[in-house]
Structure formats: structure tokens, C-alpha cells
Amino acid sequence: MATNMEQLQALLPQAEAIVRQAGALVNSLKHPQVYTKEGHANFVTEADLSSQKFLLENLAPLLPEAHFFAEEQKENHLVPGFNWVIDPIDGTTNFMRGYRPCAISVGLVKDGAAVLGLVYDVWAQELFTAIKGGGAFCNGQPIRASQAPLENALISFGTSPYYRDRAQATFAAVKDVFLHCGDVRRSGSAALDLCYVAAGRCDGFFESILSPWDFCAASLILQEAGAQISTLKGPLRCDKATAVLAGSPAVFQALCDLVRPHFAGL
Ligand code: IPD
Ligand code: CA
Ligand code: CA
């Protein structure tokens, strides 16, 4: 199947229905069994595993040739052709504690480039979507990045909680950014942070390490909404863990200039 706009437009409503059903499943598992993963305070719950199983089983028939790159499976690599890139719950710690922001993130990558993105906030029941070249939407309404200048900007950041050696650089960068912008935020869901930049609710975001399932879908939504995204060194790729920096056109370069020096040695 070639990915022209019409074919992606046919795929999107089917993927939307599946992601919303996965959200209902997650919402029905509010007190899940919790398991510990490798790394500091890194958990997986019965709800993450159920959500991933549901997504894999239901997305597979939509595009039988597609490979799955999903957080809670053992081996992950991108293959040539189609790949579904999935985070079954982004914000697991929030979900476990009833701290609201958490989302299901589903991206479709073709030959290395994201072509379809869905991020579903399971509490707010907001579904952010994009098709490459087709604009970005929240619950079907078009969204655009903001135009606020840096001095009034809201900038969100992630702490890379599973990589404690990044703390010094992260918090030094946050202080520097804070002193130049309106205020800062830390939500606990990188996928939603990026969608909030897309929707103009926030103006920029950075985190020193994220995995492709955290940012793949949202990176397309964000670019389709007119915002910019990259690593701290160059163009973003969906095949490996990397630093991520995003912003509206009004703040992106200034945010890069403030954040990048703090990670120069890492
Ligand atoms: C995490 C969230 C968090 C970010 C972490 C991610 P998870 O994803 O996106 O905001 O700071 O780096 O790993 O573990 O809840 O899927
Ligand atoms: Ca995640
Ligand atoms: Ca996750």
C-alpha cells in the first residue's frame, strides 16, 4: 500500500476508533497491578500491557505489512516500510497516582518518516491527530502553534526520570529558560507536552532523553500545526532514543540557544 493522502485519510478514522477504545480500556483499569522495570522509579502496569495488546491486535489488520515498535515489547527496531510506533500509556506514573496527564500515542512511520500520528488524552478525552501534509487537529478541530514571544512563553520540560545523570544539566537549563520566559511546566507526559505546543497552549518543550514511542506521533502533530522539533544536534529521527526540543516558530531558535550549551558534554 502506497501512502498517498487518500489512503492515509481512509486509515485515520479506523485508527482513531481503535485508540479511543484503548483509552476506554485504560480508563476501566484505574487500580491496576504494578510491576517494576529496569531503571529508577520505572513502572509498567497491567493497564499498559492491556492497552498495548489491544492496540497490536486491532491495528495489525489495518495494515498487515506493518511492523510494530512498541514500548512494552522486548525487541524494538524500525524496519524499511511501515512501522506502528506505540506508547500504550505515556505518563504511567501519573496514571498510577491519578495525576491527570496521560495518553496513548500511536505513530505510523514509513521508511523512517512519520506519516500519521494520534495522541489520545485518556482523562480529558482529547484526541490529537495529523496526517503528513494534512494539518493537525484536536477532536477534529484544526490546531496551530502560538505566536507568543519568549518573554511571555510557557515552556514545558521533562526530567528524563530514568536517567538521573542528566539532572544537573536539565535543571541548569530549566533555570536558564525560566529566567528568559513567562513560566515553566512539567506534566509527566511528553506526548501531551508536545501536543500542547501544537495546540498553542504552551510555546516550547525540551527533554534530554526520550524514546521514539514518546515523541513519534506528537512530532508529526506538532509540525503539522506549524511548530518545529529537533534533537539538540540536528534533525529528529524516529529510530532511537534522543534529546528532543520543540517550539513555536517564535521561540524555537531562542530555546535551542538557551538549552543546547547545558548538554554540550553529554
Ligand atoms: C515518560 C513520560 C515523561 C517523560 C519520561 C517518559 P512513560 O513516559 O513521557 O513525561 O519525562 O521521559 O519516559 O514512561 O510514562 O511512558
Ligand atoms: Ca512514554
Ligand atoms: Ca509508556
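For segment 1-131, report the accessible area per residue in Å² (1.4 Å probe, heavy atoms, rounded to an integer).
On the way: 5860 Å² over 131 residues.
Per-residue value: 45 Å².
If you average 1/r across every pair of different Cα atoms in segment 75-232 and take the reciprocal, what Kirkwood value do you get, in Å? Numbers along the way, then the final one.
Numbers: mean 1/r = 0.0633 Å⁻¹.
In segment 75-232 this quantity evaluates to 15.8 Å.
Rounded to the nearest 500, what is the chain's calculated 222 nm mean residue ellipticity when only DSSP H runs of at least 4 contribute -39500 (n - 2.57) each, over all residues?
Numbers: 7 runs with 85 residues, N = 266.
Rounded to the nearest 500, the figure is -10000 deg cm²/dmol.
Might you work out the accessible area of Thr93 for me, using a 1.4 Å probe with all protein chains in place, and round it to the nearest 10 Å²?
Accessible area, nearest 10 Å²: 60 Å².
Can you give the longest run of the chain that contains no GluC sites (Glu not before Pro) sitting in a DSSP loop with at most 16 other Cβ atoms inside 10 Å? Before the final figure, lay out each step's value.
On the way: sites that count: Glu38, Glu65, Glu75.
Segment 76-266 is the longest.
Would you mind checking the tilt of helix 5-27 against the longest principal axis of the Cα atoms of the chain, expressed as 0 to 90 degrees and rounded to 10?
It works out to around 90 degrees.
If r is the Cβ-Cβ distance from Tyr162 to Ser28 and R0 is 22 Å, what FRET efficiency results, to the nearest 0.05? Write down the numbers at each step before the final one.
Values: r = 28 Å, r/R0 = 1.25.
Working from the Cβ atoms, E equals 0.20.
HN-Hα J couplings of segment 174-191 from phi, Karplus 6.51/-1.76/1.60, θ = phi - 60°, integer Hz, Gly and Pro as x?
For segment 174-191, the Karplus-derived couplings read 4, 4, 4, 5, 4, 6, 10, 10, x, 6, 10, 9, 9, 8, x, 9, 5, 4 Hz, x marking Gly and Pro.
Using a 1.4 angstrom probe on the protein heavy atoms only, line up Ile229, Ile155 by accessible area, largest first. Intermediate results must be reported in sequence, preceding the final value.
Numbers: Ile229 20, Ile155 0 Å².
If we order Ile229, Ile155 from most to least accessible, we get Ile229, Ile155.
Along Cα→Cβ, 7 Å out, is where each label goes; now give me the distance between the ones at Arg20 and Lys74 in nm to one decimal.
The modelled label-to-label distance comes out at 3.7 nm.
On a 0 to 90 degree scale, rounded to 10, what angle separates helix 212-224 from the longest Cα axis of the chain?
The two axes meet at around 80 degrees.
For segment 150-263, give the percent of accessible area contributed by carbon and sulfur heavy atoms, probe 1.4 Å, rounded to a whole number. It would help to have the intermediate numbers written out before the result.
Values: 2250 of 4330 Å².
That share works out to 52 percent.
Mind listing P(r) for the chain? All alpha-carbon pairs, 10 Å bins, whole percents.
7, 33, 37, 19, 3, 0
How far is helix 46-59 tilted off the main Cα axis of the chain, in degrees rounded to 10, range 0 to 90?
60 degrees
Going by Cα centres, segment 21-41 and segment 159-173 are how many Å apart?
Computed from Cα coordinates, the inter-centre distance equals 25 Å.
From largest accessible area down, sort Trp123, Trp213; use a 1.4 Å probe on the protein chains.
Numbers: Trp123 65, Trp213 40 Å².
From most exposed to least exposed: Trp123, Trp213.
Can you give me the accessible area per residue for segment 189-266, using a 1.4 Å probe, in Å²? Before the final figure, lay out the partial values.
Numbers: 2460 Å² over 78 residues.
Here the residues of segment 189-266 average 31 Å² of exposed surface.
What Kirkwood hydrodynamic radius do you get for segment 1-106 when you take the inverse of the mean 1/r over all pairs of distinct Cα atoms, in Å? Write out the running numbers ahead of the final one.
Working: mean 1/r = 0.0680 Å⁻¹.
Result for segment 1-106 stands at 14.7 Å.
Please count, across segment 1-157, the pairs of lysine residues with Cα atoms under 21 Å apart that sit 8 or more places apart or on different chains.
Details: Lys30/Lys53; Lys37/Lys53; Lys37/Lys74; Lys53/Lys74; Lys110/Lys132.
Here the count comes out as 5.
Find the centroid of the Cα atoms in segment 98-124 and in segment 176-196, then give the distance between the two in whole Å.
Segment 98-124 and segment 176-196 have Cα centres separated by 18 Å.
Solvent-accessible area of Ser28, probe 1.4 Å, all protein chains present, reported in Å² to the nearest ten, please.
80 Å²
Looking at the chain, send over the antiparallel percent of its DSSP beta bridges, to the nearest 5. Walk me through the intermediate numbers first.
Details: 37 of 47 bridges.
Antiparallel bridges make up about 80 percent of those DSSP assigns within the chain.
The values are calculated or read from the model by the stated rules, or taken from the named source; none is laboratory data. It should be emphasised that the depicted structure is a prediction, and the values quoted were computed from it without experimental measurement. Cβ coordinates were reconstructed from backbone atoms using ideal geometry, including for glycine residues, and neighbour counts include every protein chain displayed. SASA here: full protein model, heavy atoms, side chains in, ligands and nucleic acids out. Shrake-Rupley method; radii C 1.70, N 1.55, O 1.52, S 1.80 Å.
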